[in-house]
Amino acid sequence: MYRQFQEDIRRHFLQYLKSHFGIENMPLKLETPPQVNFGEIALPVAFDLAKQLKKAPRAIAQDIAETVGSIEGVVRVSVAAAGYLNLHLDRSRFLRRVLTAPSGARPPIDPGPEKIIVEHTNINPNKAAHIGHLRNAVLGDSFVRLLRSLGRTVEVQNYIDNTGVQVADVVVGFEHIEKLSASQVEERIGGSNGRFDFYCWDLYARVSRFYDEDADRLKWRSETLHRIEHGGNDTARLADLMATAIVRAHLATMSRINVQYDLLPRESDILHLKFWDQAFTQLKDRGAIVLETAGKNKGCWVMRAEGAEKSSPANEESAHDEDKIIVRSNGTVTYVGKDIAYQLWKFGLLGKDFYYSPFHTYSDGHVLWMTRSEPASRATPPPHFGKGSAVYNVIDVRQSYLQNVVVQGLRTLGFQEAAEHSTHFDYEMVALSPRCCSDLGIELSAEDQKRPYVEVSGRKGLGVKADDLIDQLIRKSREEVAKRHPDMDVAGMNTVARQIAVGGLRYFLLKYTLHSVIAFDFDEALSFEGETGPYIQYAVVRSKNIFRKLAEEHKDFSLDDLRKKALLEDYRGFLDGPEHDEFWTLILLASQLSAVVAQAVSSREPATVAKFAFNLAQTFNNFYHKHRILPEPDAKKKEFLLVLVDIVARTLEEALNLLGIEVPERM
RNA sequence: GCGCCCGUAGCUCAGCUGGAUAGAGCGUCUGACUACGAAUCAGAAGGCCAGGUGUUCGAAUCACCUCGGGCGCACCA
């Protein structure tokens with residue numbers, strides 16, 4: 001709504017500049033004045049014109065203010081400071097626009113690409129998920145929600161690397177440390193109370209120490225990896241049992257925090273369906289990779305470093321330092337090679353496709369599919385996967401180098417457009433603060449103690465497990481709920497406790513901007529006060545309590561009637577004048593959600609929406625505290641205040657929804 | 001060595017395409033509960049925006065340099 005309004009203003013001024021000054025194509029900035037009594041929209045356009053016109057900004061602004069004429073929705077144009085043009089809006093008219101604006105899904109402003117593929121989570125299926133994975137999933141999921149709110153079609157993929165070394169390592173643990181067969185592992189999965197991923201977390205750390213004790217044991221890793229890739233043996237069966245069980249555990253964890261997927265593409269299927277062979281042929285044919293016949297990379301297929309000089313026989317050694325090996329001298333393909341094939345498939349450029357079968361049905365009925373190597377018998381036909389026109393890979397910044405190689409691969413294959421629409425959605429890692437480490441009972445080396453934070457390491461078993469953290473959050477919020485609502489039934493209490501816990505967790509992970517390292521700290525993550533998810537949830541719950549109470553007292557009250565009536569009323573008397581700025585500010589702020597969402601998407605920064613929601617909640621809480629609404633004697637004012645509360649509550653609820661945060665019934 | 005990111009209040013962080021008096025939360029200190037529930041609100045203290053140079057009418061924001069800190073740069077993923 002606000003975005004539309006801004007566009008109208010912009011158009012008006014561009015037209016004016018053209019007719020009055022003969023100036024075209026001028027970038028026109030719209031800003032917000034520091035105080036609402038200065039006006040609602042500020043234009044610094046006079047500063048930009050000053051040089052061209054060789055006049056003082058203030059004089060230009062004065063001239064514009066006098067000659068710009070009437071603008072729809074604007075009551076007055078004033079000049080301030082050194083030359084700002086401030087627009088004062090027709091408040092009651094603006095309110096009407098807010099009330100008539102559709103609050104739900106908006107039509108897309110830009111036509112945009114047809115289908116956007118977002119890949120996120122991508123946890124190796126060999127251990128429990130940790131907080132680093134939670135940041136990935138929450139960022140990815142929130143971004144998907146934002147895209148969908150703009151009317152975009154989005155497909156969410158969660159890539160499962162079920163044939164990598166990490167899986168092989170834990171399989172080594174089963175076969176060589178625990179000495180268990182596939183069927184024994186299967187029993188253990190069944191008898192683990194759903195905590196099989198926790199068990200593997202510990203086993204994985206044990207395997208690392210197992211290797212450290214005797215480097216010869218590393219040969220088991222490569223043997224195991226080979227058998228897993230080859231398939232059709234007990235080791236591969238064990239690996240598959242384990243990986244699948246852990247994928248289910250991860251899905252359960254993510255469901256707890258409102259994260260869902262559409263498709264799980266598996267590396268084993270990429271392998272068995274020979275996606276790589278297809279990509280390899282393409283890469284060779286187009287000369288994107290070359291076979292090295294001499295030097296340290298002899299026998300490897302490499303991709304030349306981008307920007308490297310085409311021919312410099314002089315310094316052979318250093319010139320090839322930056323080349324990326326795609327196929328090893330033993331003929332096996334590296335991770336990047338497989339990733340290029342997968343990325344090609346995502347754009348529908350590989351010329352091959354997976355088979356699919358349903359893997360899981362969420363409680364809301366949504367079906368999650370998994371790739372297969374063979375056609376599934378009498379399967380329901382799958383939706384059309386892949387063939388996206390834009391791809392976002394949500395993966396932390398440490399993978400930047402490899403992500404660039406993948407895009408370079410697309411480019412050298414001649415797929416310019418795909419390369420341009422491949423986006424590495426990069427973000428900084430979650431690390432552990434020193435205090436967090438001591439909370440976990442982890443002893444740090446003297447060297448590590450001096451650092452601001454230490455990296456999470458699955459290999460060392462160093463990290464905060466996602467489910468442990470969620471459990472702790474739920475426990476804490478349940479205590480709080482029980483204190484406040486002792487009469488609530490157990491089921492209700494559990495629901496509310498979970499919603500609050502998830503609100504706290506997701507907001508905590510979203511309030512940091514992408515390039516900020518989160519040094520994880522329990523006190524901050526477990527806080528429900530101040531700038532937190534529950535603070536925002538509480539603001540909505542309070543506003544809803546008003547309507548609940550109202551409905552209890554007046555059986556005939558209906559929110560719909562109120563909304564309809566509001567459209568016919570004139571609330572000018574409660575909007576105009578500085579004494580009503582606090583009401584007006586709330587409406588103005590709430591109306592900006594659509595603009596904030598657009599900005600969050602284009603700058604790829606969900607934190608913007610999180611900050612906005614907090615800001616609005618804070619402004620509302622201030623208002624709430626100052627004004628008693630239900631006892632308000634002036635009937636019309638009471639009605640106006642109710643309309644105001646309704647607008648804010650709906651906006652907050654929508655913003656929270658975009659962040660994957662629910663609003664509890666009570667709290 | 002090369003590349004990327006970060007440095008803003010005691011702590012943790014916002015600050016969009018340069019704009020008016022640099023903002024939050026936590027912590028500290030003062031105050032406000034007879035329920036539209038205080039998971040809240042009001043107030044106070046707290047800043048050479050790491051340092052320097054430049055561009056500009058105007059710089060926390062842009063450019064370059066320096067100093068701190070982090071992360072990449074494997075025939076691992």
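Pop the C-beta distance of A:Gln52 and A:Gln618 into the FRET formula with R0 = 25 Å and round what comes out to the nearest 0.05.
0.05
Please give, to one decimal in nm, the separation of the simple spin-label points placed at A:Glu306 and A:Thr585, each 7 Å out from Cα toward the Cβ.
In this crude label model, A:Glu306 to A:Thr585 measures out at 4.7 nm.
From the helices alone, meaning DSSP H stretches of at least four residues, give me the mean residue ellipticity at 222 nm for chain A, per-run term -39500 (n - 2.57), in deg cm²/dmol to the nearest 500.
Calculated from helices alone, the mean residue ellipticity at 222 nm is -16000 deg cm²/dmol.
Ordered by residue, what ³J(HN,Hα) values in Hz, to whole numbers, does segment A:260-269 give under the Karplus form 6.51 cos²θ - 1.76 cosθ + 1.60, where θ = phi - 60° and Gly and Pro are x?
My calculation for segment A:260-269 gives 10, 10, 9, 8, 10, x, 10, 4, 4, 6 Hz in order.
For A:Asp468 and A:Gln184 in the same chain, what is the full-extension length gain: residue separation times 0.36 nm, less their Cα-Cα distance, in nm?
Difference between extended and current length: 99.6 nm.
For a 19 Å ceiling on Cα separation, which of these pairs sit above it: A:Lys115/A:Lys511; A:Lys284/A:Lys352; A:Lys544/A:Lys638; A:Lys179/A:Lys465; A:Lys219/A:Lys274?
Beyond 19 Å: A:Lys115/A:Lys511; A:Lys179/A:Lys465; A:Lys219/A:Lys274.
Computing the accessible area with a 1.4 Å probe over protein heavy atoms, can you report the carbon and sulfur percentage for segment A:532-667?
The value for segment A:532-667 is 51 percent carbon and sulfur by accessible area.
Can you tell me how segment A:533-658 classifies by the Cα gyration tensor, rounded, prolate or oblate, using a/c under 1.5 as the rounded cut?
Prolate is the answer for segment A:533-658, as a/c is 1.5 or above and a/b outweighs b/c.
Name the residue farthest towards the positive end of the dipole of segment A:2-89 from the options A:Pro34, A:Gly73, A:Ile23, assuming +1 on Cβ of Lys and Arg, -1 on Cβ of Asp and Glu, about the Cα centre.
The residue sitting most towards the positive pole is A:Ile23.
With the cut-off at 22 Å, tell me which of the pairs A:Lys18/A:Lys55; A:Lys127/A:Lys324; A:Lys564/A:Lys626 have Cα atoms farther apart than that.
On the way: A:Lys18/A:Lys55 18 Å; A:Lys127/A:Lys324 30 Å; A:Lys564/A:Lys626 27 Å.
A:Lys127/A:Lys324; A:Lys564/A:Lys626, as the Cα separations exceed 22 Å there.
Stretch A:Arg435-A:Arg459 to full length: gain in nm at 0.36 nm per residue minus the Cα-Cα span? Don't skip to the end; give the middle numbers.
On the way: separation 24, 0.36 × 24 = 8.64 nm, distance 2.11 nm.
So the chain would gain 6.5 nm between A:Arg435 and A:Arg459.
Within segment A:640-663, which residues have the backbone N less than 18 Å from the label spot 7 Å out from A:Asp561 along Cα→beta-carbon, could you tell me?
Residues A:640-644, A:646 qualify, since their backbone N sits under 18 Å from the label point.
Which one, A:Pro434, A:Gly533, A:Val397, projects farthest toward the positive side of the charge dipole computed for segment A:394-539 from Cβ point charges (K/R +1, D/E -1)?
A:Val397
Stretched out fully, how many nm does the piece from A:Glu529 to A:Thr513 gain, at 0.36 nm a residue minus the Cα gap?
Numbers: separation 16, 0.36 × 16 = 5.76 nm, distance 2.01 nm.
Residue separation times 0.36 nm, minus the Cα-Cα distance, leaves 3.8 nm.
Using only the alpha-carbon atoms, how far is helix A:91-100 inclined from the longest principal axis of chain A? Give it as 0 to 90 degrees, nearest 10.
That helix lies at roughly 40 degrees to the long axis.
Taking the simple approach of a point 7 Å from Cα along Cα-to-Cβ for both A:Arg451 and A:Phe21, what is their distance in nm?
5.4
Can you bin segment A:2-89 into rounded, prolate or oblate? Criterion: square roots of the alpha carbon gyration tensor eigenvalues sorted a ≥ b ≥ c, rounded for a/c under 1.5, prolate for a/b above b/c, oblate for the rest.
Oblate is the answer for segment A:2-89, as a/c is 1.5 or above yet b/c matches or exceeds a/b.
Residues with amide H under 5 Å of A:Val154's amide H, sequence separation 5 or more or different chain, H placed in the peptide plane at 1.01 Å from N; which?
Under 5 Å from the amide H of A:Val154 lie the amide H atoms of A:Ile116, each far enough along the sequence or on another chain.
Please give, to one decimal in nm, the separation of the simple spin-label points placed at A:Tyr401 and A:His226, each 7 Å out from Cα toward the Cβ.
2.8
Explain nothing, just compute: Karplus ³J(HN,Hα) = 6.51 cos²θ - 1.76 cosθ + 1.60, θ = phi - 60°, for every residue of segment A:341-349 in order, whole Hz, x for Gly and Pro.
Those phi angles translate into 4, 5, 5, 4, 4, 4, 8, x, 10 Hz.
Treating only the Cβ of Lys, Arg, Asp and Glu as charged (+1, +1, -1, -1), what charge dipole size does segment A:520-611 show about its Cα centre? Round to the nearest 20 debye.
Using only the charged Cβ atoms, the result is roughly 460 debye.
Roughly what angle does helix A:218-230 make with the longest principal axis of chain A, taking Cα atoms, 0 to 90 degrees, to the nearest 10?
80
Please turn the phi angles of segment A:178-191 into ³J(HN,Hα) values with the Karplus equation 6.51 cos²θ - 1.76 cosθ + 1.60 (θ = phi - 60°), one per residue in order, whole Hz, x for glycine and proline.
Going residue by residue, I get 7, 6, 10, 8, 4, 5, 5, 5, 4, 4, 5, 4, x, x Hz, with x marking Gly and Pro.
Rounded to the nearest 0.05, what FRET efficiency do A:Thr67 and A:Glu569 give with R0 = 45 Å and r taken as the Cβ-Cβ distance? Could you check?
0.80
Picking from A:Leu586, A:Asn122, A:Pro486, whose Cα lies most toward the positive end of the charge dipole for chain A (charges on Cβ: Lys, Arg +1; Asp, Glu -1)?
Most positive-ward Cα: A:Leu586.
Enumerate the residues in segment A:460-475 having an amide nitrogen under 13 Å from the point lying 7 Å beyond the Cα of A:Arg209 toward its Cβ.
A:460-462
Kindly report the accessible area of segment A:431-526 per residue (heavy atoms of protein chains, probe 1.4 Å, no ligands, DNA or RNA), in Å².
Values: 4740 Å² over 96 residues.
With all protein chains present, segment A:431-526 gives 49 Å² per residue.
Shape of segment A:429-583 from its Cα gyration tensor (a ≥ b ≥ c, root eigenvalues): rounded if a/c is under 1.5, otherwise prolate when a/b > b/c, or oblate?
Cα axes put segment A:429-583 in the prolate bin.
Where nothing but the Cβ of Lys and Arg (+1) and of Asp and Glu (-1) is charged, how large is the charge dipole of segment A:486-528 around its Cα centre, in debye to the nearest 20?
240
The values are calculated or read from the model by the stated rules, or taken from the named source; none is laboratory data. Only a predicted model underlies this, so the values are computations on that prediction, with no experimental measurement involved. Backbone-built Cβ (ideal geometry, glycine too); neighbour counts: all protein chains shown. Only protein heavy atoms, including side chains, enter the accessible area calculation; ligands, DNA and RNA are left aside. Shrake-Rupley method; radii C 1.70, N 1.55, O 1.52, S 1.80 Å.
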